[in-house]
1. Could you give the longest part of the chain that holds none of the GluC sites (Glu not before Pro) found in DSSP loops with at most 10 neighbouring Cβ atoms within 10 Å?
2. So, counting K/R as plus one and D/E as minus one, what does the shell of residues with Cβ under 10 Å around Arg120 add up to?
3. Based solely on its DSSP helices, what 222 nm [θ] is calculated for the chain when runs of n ≥ 4 H residues each add -39,500 (n - 2.57) and the sum is averaged over all residues, nearest 500 deg cm²/dmol?
4. Below 8 Å between Cα atoms, with a sequence gap of 6+, how large is the relative contact order for the stretch 4-166 in percent?
5. Given the Cα-Cα distance of Tyr28 and Glu177 and 0.36 nm per residue of separation, how much length would full extension add, in nm?
6. Please give me, ordered by residue number, the chymotrypsin sites (Phe, Trp or Tyr not before Pro) of the stretch 134-192 that lie in loop per DSSP and have at most 15 other Cβ atoms within 10 Å.
7. Where a ≥ b ≥ c are the square roots of the eigenvalues of the C-alpha gyration tensor, would you call the stretch 52-118 rounded, which needs a/c under 1.5, or, failing that, prolate if a/b is larger than b/c, or oblate?
8. Shape of the stretch 59-176 from its Cα gyration tensor (a ≥ b ≥ c, root eigenvalues): rounded if a/c is under 1.5, otherwise prolate when a/b > b/c, or oblate?
Amino acid sequence: MSPRLGILGGTFDPIHHGHLVAAQEALYQLRLDRMLFVPAGDPPHKPSRPVSPAPHRVRMVELGTAGQTDFVVSRVDVDRPGPHYTVDTLQSLHQAWGPEACLYFIEGSDSLADILSWYRPERLIELAELAVVERPGVKLDLDELERRLPGLRERIHWVRMSSLEISSTDLRARVREGRPISYLLPAAVEAYVREHGLYR
């Protein structure tokens, strides 16, 4: 039987409870076998912001997902030279898990709204189904997106979850400013951030 795999990519700088809840809800609602967390190696969409070294980000994802057997950390992006595009990642995962693996790429509705600007979006929807987490305030013109990217609508699966107003950007700012970050991310990740002096 072909595995059903969720793919949650990101810089995870740091990983937080918003990431983990989205992963858990997608796993449950779409009846997936595994959720793959894929830390970005060289994210092409964030060239202006310094990103923590990959070993730190990978370790934080490992700490944040520890104990959840359905969560798997994938190094498919960090172990190859960049820049990395989603279609390249998906192709590599098909090679690793087999061509019959059914991939569900997790993204927010804000990312779906911008999908036409992504690298080779037509190939992306050939390689994976889209598991879309609704974001408040995001307006989508699905008719227009479907017109410009035929076949998109039938690849979309909606993942509903309670909104958690947590972002990695805010967490980094909190650390810089000396504000608390407890309960916004796993305790082991918070301890790692403090031990290694990240975001100061």
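Quick note: the coordinates plus some simple rules give every number you see, no bench work behind them. Remember, predicted model here, so these are calculated numbers, not experimental data. We place every Cβ from the backbone using ideal geometry, glycine too, and count neighbours over all the protein chains shown.
1. On the way: sites that count: Glu100, Glu165.
The longest such stretch corresponds to 1-99.
2. Numbers: positive: Arg123; negative: Asp88, Glu122, Glu126.
Summing Lys and Arg as +1 and Asp and Glu as -1 gives -2.
3. Working: 8 runs with 75 residues, N = 200.
Estimated from H runs of four or more residues: -11000 deg cm²/dmol.
4. On the way: 256 pairs, mean separation 41.0, N = 163.
With pairs under 8 Å counted, the relative contact order is 25 percent.
5. Working: separation 149, 0.36 × 149 = 53.64 nm, distance 3.67 nm.
Full-extension gain reported as 50.0 nm.
6. Working: sites: Trp158, Tyr183, Tyr192; in loops: Tyr183.
Filter output for the stretch 134-192: Tyr183.
7. Numbers: a/c = 1.39, a/b = 1.27, b/c = 1.10.
Rounded, because the longest to shortest axis ratio a/c is under 1.5.
8. Values: a/c = 1.69, a/b = 1.14, b/c = 1.48.
Oblate shape, in that a/c is at least 1.5 and b/c is the bigger or equal ratio.
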